[in-house]
1. Based on the alpha carbon coordinates of the range 1-124, what radius of gyration and maximum Cα-Cα distance (Dmax) apply, in Å?
2. Hey, quick one: spin label on Leu182, modelled 7 Å out along Cα-Cβ, who in the range 198-232 has an amide N within reach, i.e. under 15 Å?
3. Mind listing the Cα extents of the range 297-372 along all three principal axes, in Å, largest one first?
4. For Ile39, Ile301, what's the fewest-to-most ordering of other Cβ within 10 Å of each Cβ?
5. I need Asp200, Asp189 ordered by Cβ neighbour count within 10 Å, fewest first.
6. For the range 73-130 and the range 250-327, compute the distance between their C-alpha centroids and round to whole Å.
7. At 7 Å along Cα-to-Cβ for each site, give me the label-to-label distance between Lys349 and Ala161 in nm.
8. Any idea how far apart Asn117 and Gln49 come out in nm if each label point goes 7 Å out from Cα toward Cβ?
Amino acid sequence: MSSSSDSSLPVGVVLLVRHGDRMGFYQDPETYTASDTQITPLGNQQEYQLGTYLRSVYLNESSPSYIQGLGTGLFNQSQVFVQADIGDEGYVIYDSCVSLTQGLWPTTTSNNITLANGTTITAPLNGYQVIIATSVDGIDPTENMSLEGFDNCNTFSAHTAAFYDSREFQEMESQSAAFLQLLPPYLGDRAATLQNMVFDYMNVNYIHNATFSASLPPTFLPQARALANWHEYNVFSDASLSGIGNIAGRTIIPTIFEAFDAILDPDNPAKLYVTAISYKPFLSLFNMTGVAAANPELAGIVDYASAVALEVRLPNGDATEATIRFNFKNGSDPQFTTYNWMGATGDIKVTSFYDALSNSVVNGTADWCNVCQNTQVSSCAALNLAAQQARAAALSPISPVGAGFLGAGMTIVLFAVALSSLLFFGFLKFKRPLFKGRKHREEDQVGY
């Protein structure tokens, strides 16, 4: 934990939020391909309560952490960006985001309009506010790989397989064998192995199945949780910042960079960036930023409805000295706790964050395809095909006379064709602020 002497108000905040309680699901222990599942009313309530808490902290002018200039009334799209992963676990994360934003921007009779005839109409449900969000499909990197960089990543699957073959894993498997042998009566048809760690099945049934909850010995769930924490932290971390075990963090960090850039851009009104995700990016980020090393209790699966808040502050009002504060609220914790991170005590400079992590990030689809050695996913396949066609065209035999006329012209044409193809398929974008001028489709509205 940490304390900071900087009492300045944050000028912007980047929120990373895990989904709420859901029904059970299965994910492959090597590829982490997950089955669909559903959020529960409990999960909706957890996210709504988290949203209410976040509103009290960041959208409350009397709060010591109020975001300067952020509107506290009706939702203002120009000041907020929200995105939710819809690849992992079906729509659980997106649905969680709906409830979260209901808490952040609750119903209000101020959400009304007066018609030409003088009649005042209030939005349904006593003033429900529709929050505009971007849904990010983490399954196919053609859409966006930033929130699920591990999925369909061949090198990550190889990393996971290597971990299961490691001496460290075999030793833990031996140490836990006696406990695992006691679990079959509580696992349905699931295998009681360390590789196929079944904490999630036990946890879901403990919450939702009264018979199961009453029959489970009191020490079994904490023991299974401890093994799951060890298992998942080792899968989604790496000794090297650029190691493939950190892929879930390496792909999401560029969006964090861009959010910081936008917050510090005086011409950009956005001040709050909300990203709803699964637990996996938290593990990688906690490893990459040194949070878990400084706070070993965080080297594990974060609880439902957990949140990281990266607060951007300007000590003495100087943007060149902008700092970031790391706050974390683990599920039902009553409030945020500030933690030391990046090998420092308290807040760190934004520039230090960039300098430490910029060389390890996976920035865009082409980079991801290369890092993950994937040529099969549609986006990677199209990139690979475009490269092959360009090479084939460049190597096609032509006459000496043709060579004399086409020389430099062929280079220009090939470059234009390749560039146009990449732009057309959305695999290449010219550098610009990520969120400025972003337009949203109707189907991406968070609301009923």
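1. Gyration radius and largest Cα-Cα distance of the range 1-124: 18.3, 63 Å.
2. Answer for this model: 215-227.
3. Over the range 297-372, Cα extents along the principal axes are 42, 37, 19 Å.
4. Numbers: Ile39 25, Ile301 22.
Least to most surrounded, the residues fall as Ile301, Ile39.
5. Numbers: Asp200 19, Asp189 5.
With the fewest neighbours first, Asp200, Asp189 line up as Asp189, Asp200.
6. After rounding, the separation between the Cα centres reads 24 Å.
7. Roughly 4.5 nm, to one decimal.
8. Going by the 7 Å Cα→Cβ label model, 4.5 nm.
Only the coordinates and a few stated rules stand behind these numbers; no lab work does. What you see is a predicted model, and the numbers here were worked out from it, not measured in a lab. Every residue, glycine as well, gets a Cβ built from its backbone with ideal geometry; the counts of neighbours run over all protein chains shown.
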